[in-house]
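What follows draws every value from the coordinates through simple rules; no lab data is involved. Note that the structure is a prediction, hence the values are computed from the model and not measured. As a convention, Cβ positions derive from the backbone with ideal geometry for all residues, glycine included, and neighbour counts pool all protein chains shown.
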Amino acid sequence: MADIENHTPGEEQEFRQLFDIYFEKVHYLSMRYIRNGSLSEEVAMDIMFRIWKNRQRISEIENRDGYIFKLAYNTIINTLRKKEHLLFSIDSFEENNQPVADRSPLYTLYSKELHAAYENAILALPEKRRQIYIMNREQNLSSSEIARILGISPRTVEHQIGSALRTIREAMKQYGVLMLPFII
């Protein structure tokens with residue numbers, strides 16, 4: 001905190017310029033992910049403090065906006081992981097009503113990261129469980145249809161789907177994603 005309290009008039013002006021340029025942008029980005037006004041503002045202020053602390057390094061960086069938005073992205077994601085405020089599924093994240101051209105680069109990056117993690121979690125499933133999960137979730141087949149096609153009982157199908165969901169949910173926790181069973 002001494003960094004903020006003991007400042008020169010020139011530093012104050014420099015901070016004001018950084019604040020004027022970036023605060024609204026990082027606050028908007030924070031609000032889009034966190035969706036909690038006071039927490040978003042707190043995170044945006046934390047981001048501004050980090051920008052101020054790293055101002056010497058930032059002034060040497062060629063793509064300042066890219067660096068700052070990556071810093072903001074990491075801070076937001078870490079906050080979401082800590083606070084567990086992120087509650088959505090891969091499907092709802094991908095099916096945002098926002099046109100693709102209007103999505104921020106961070107949104108697109110995180111979306112791709114989540115989708116890859118989701119795909120990897122599916123690929124890590126045992127072969128039969130993966131097949132049943134895909135038939136249910138991607139081909140929209142019911143448990144009885146899957147059971148008939150594979151020649152197994154509907155209870156076995158339901159058990160395999162439940163096990164697949166638990167495994168995928170556990171894999172996605174490291175990304176701060178809490179997935180509800182009825183959403184996946």
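Things worth noting here:
- Ordering Asn54, Leu39, Phe23 by the projection of their Cα atoms onto the charge dipole of segment 2-83, which places +1 on the Cβ of Lys and Arg and -1 on the Cβ of Asp and Glu, puts Leu39 at the extreme positive end.
- Taken along its principal axes, the alpha carbon cloud of segment 2-83 reaches lengths of 35, 28, 20 Å, longest axis first.
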